[in-house]
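Undergrad: Below you'll find the structure I mean.
The values are calculated or read from the model by the stated rules, or taken from the named source; none is laboratory data. None of these values were measured; they are calculated from a predicted model. As a convention, Cβ positions derive from the backbone with ideal geometry for all residues, glycine included, and neighbour counts pool all protein chains shown. Protein only, heavy atoms only, side chains kept; ligands, DNA and RNA dropped before computing areas. Shrake-Rupley method; radii C 1.70, N 1.55, O 1.52, S 1.80 Å.
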Amino acid sequence: MRWQGIIHRYKKYLPITDETPNVTLNEGNTPLVYSNFLSTLVGHGSKVFLKYEGLNPTGSFKDRGMTLAVSKALEAGSDAIICASTGNTSASAACYAARAGIKCVVLLPKDAIALGKLAQAMIHGAQVIAVDGNFDDALGLVREISKKCPITLVNSINPFRIEGQKTGSFEICEQLGMPPDYHFIPVGNAGNITAYWKGYKEYKKAGIIDKLPKMMGYQAEGAAPIVRGHIVKKPETIATAIRIGNPASWKQAEQARDESKGVIDMVSDEKILEAYKLLANKEGVFCEPASAASVAGLIEYARRKYFKQPATIVCILTGHGLKDPDRAIKSVEQPKVVKPKLDLVLNEIGY
Ligand SMILES: *Cc1c(COP(=O)(O)O)cnc(C)c1O
């Protein structure tokens, strides 16, 4: 059967009716890739899998929530959507709005958005406004605008975003034939950890799985309000997708952590970049820096001997590496320039 996106596949678990339109690009059904290198690193015969969410239609998990948020906006008669974004929400919103034939407005923090994401919002025809402030400032603005004007907010405080995103857990349970023991995930605005936890709990309630994973969330050191226990006024990290100082789903993320007996911790930019390069070099998986925060967390916990017995572990790779080409190029040695002579090239490659 042809895959037709998460609304079609999981309608039983989503707040939709026969009247709800389906604005879809066949999102979801992303690969769960076995990681030999990370499995060996964790040891005890553990198995580590990478949920490659960068392979969604716009290159991030945001599509899972956006298909539902835009479909519901259309059902409610809305003809415009708005969001604040560190990049991927705007890319996804612009894309699904184009698909639905409605207007899209995005507020982006000036100078703090990866090139690929900006390109997507622009090419899909969104009205892009650069705010001379950070993500939290932009989110404050769109919250007010959506209260004052007839325009649907599609940030993750829109409950349909969380509903759509929870389908990631459903897929993992089906792909593994069981839930994982540990679920590693980067945490920014904290909608995704909230969504995954909701999904696992719903599958347990439905009797499809009989246990729940520990939720292991990772913030960047310079943008770790939940770990530090207070708002971070000027969040800083190279992982722009999680550069957030006051997460909208803060309480729900803490709830996921506490109910699952998991952890929300932080990792340095240096460790994030190490994990980012390792995934590309050793696994052939190119994700964006924010995504690598989950793997950086796993590596750190393996180093601290957190795992004592065989475990099944899933790391969510939230976005594709091509979103942020500047970071990739900055992270490696630049190509050497040589004259077009055979002996010179052979000499360079060591033959
Ligand atoms: C949005 C995003 C995150 C953070 O997800 P939250 O739901 O805000 O916690 C992490 N990585 C990428 C690539 C993202 O686009």
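Undergrad: Could you please find all residues in the stretch 129-152 being of a type outside the set (D, E), open to solvent by 50 Å² or more (accessible area, probe 1.4 Å) and closer than 11 Å to S85 by Cα?
TA: The first filter runs over the stretch 129-152 and keeps only residues of a type outside the set (D, E), leaving 129-131, 133-135, 138-143, 145-152.
Checking the rest, the ones that are also open to solvent by 50 Å² or more (accessible area, probe 1.4 Å) come to 129-130, 141, 143, 145, 147-150.
Those that are of a type outside the set (D, E), open to solvent by 50 Å² or more (accessible area, probe 1.4 Å) and closer than 11 Å to S85 by Cα: I129, A130.
Undergrad: Moving on. So in the stretch 173-220, with the set limited to residues that are out of contact with any helix residue (DSSP H, G or I) (no Cβ under 7 Å at 6 or more places or on another chain) and hydrophobic (A, V, I, L, M, F, W, C), which one is farthest from E259 (Cα to Cα)?
TA: L176
Undergrad: Scan the stretch 207-228 for residues that are assigned to a strand (DSSP E or B) and either touching a strand residue (DSSP E or B) at 6+ places or on another chain (Cβ under 8 Å) or open to solvent by 70 Å² or more (accessible area, probe 1.4 Å) (or both) and jot them down.
TA: So the first thing to find is which residues in the stretch 207-228 are assigned to a strand (DSSP E or B), and the list is 214-220, 223.
Scanning the stretch 207-228 gives K214, M215, M216, G217, Y218, Q219, A220.
Matching residues to (1) charged (D, E, K, R); (2) touching a residue at least 12 places away in the same chain (Cβ under 8 Å); (3) within 16 Å of the ligand (Cβ to nearest atom); (4) outside any loop (DSSP other than H, G, I, E, B):
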{"position": "A253", "(1), (2), (3), (4)": "no, yes, yes, yes"}
{"position": "E270", "(1), (2), (3), (4)": "yes, no, no, yes"}
{"position": "K277", "(1), (2), (3), (4)": "yes, yes, no, yes"}
{"position": "A290", "(1), (2), (3), (4)": "no, yes, yes, yes"}
{"position": "S294", "(1), (2), (3), (4)": "no, yes, yes, yes"}
{"position": "G297", "(1), (2), (3), (4)": "no, yes, yes, yes"}
{"position": "E300", "(1), (2), (3), (4)": "yes, yes, no, yes"}
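Undergrad: Which of the strands (runs of 3 or more DSSP E) contained wholly in the stretch 20-102 include at least 3 residues that are within 16 Å of the ligand (Cβ to nearest atom) and in contact (Cβ under 8 Å) with a residue 40 or more places away in the chain? Don't jump to the end; show me each part of the working.
TA: Working: elements: 32-35, 47-52, 80-84.
Where strands (runs of 3 or more DSSP E) fall fully within the stretch 20-102 and carry at least 3 residues being within 16 Å of the ligand (Cβ to nearest atom) and in contact (Cβ under 8 Å) with a residue 40 or more places away in the chain, they are 47-52.
Undergrad: On to the next question. Of the conditions (1) within 13 Å of the ligand (Cβ to nearest atom); (2) small (G, A, S); (3) farther than 24 Å from W250 by Cβ; (4) in a loop (DSSP other than H, G, I, E, B), G125 satisfies every one except a single condition; which number is it?
TA: (1)
Undergrad: Let me ask something additional. Taking the stretch 175-206 only, how many residues are within 17 Å of L14 (Cα to Cα) and either crowded, with 21+ Cβ neighbours inside 10 Å or more than 13 Å from the ligand (Cβ to nearest atom) (or both)?
TA: The number of residues fulfilling the criteria is 14.
Quick grid of which residues meet (1) aliphatic (A, V, I, L, M); (2) within 30 Å of L118 (Cβ to Cβ); (3) modelled with pLDDT of 95 or more; (4) surrounded by fewer than 24 Cβ atoms within 10 Å (Cβ to Cβ):
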position	(1), (2), (3), (4)
E27	no, yes, yes, no
Y34	no, no, yes, yes
G43	no, no, yes, yes
L68	yes, yes, yes, no
A73	yes, yes, yes, no
I81	yes, yes, yes, no
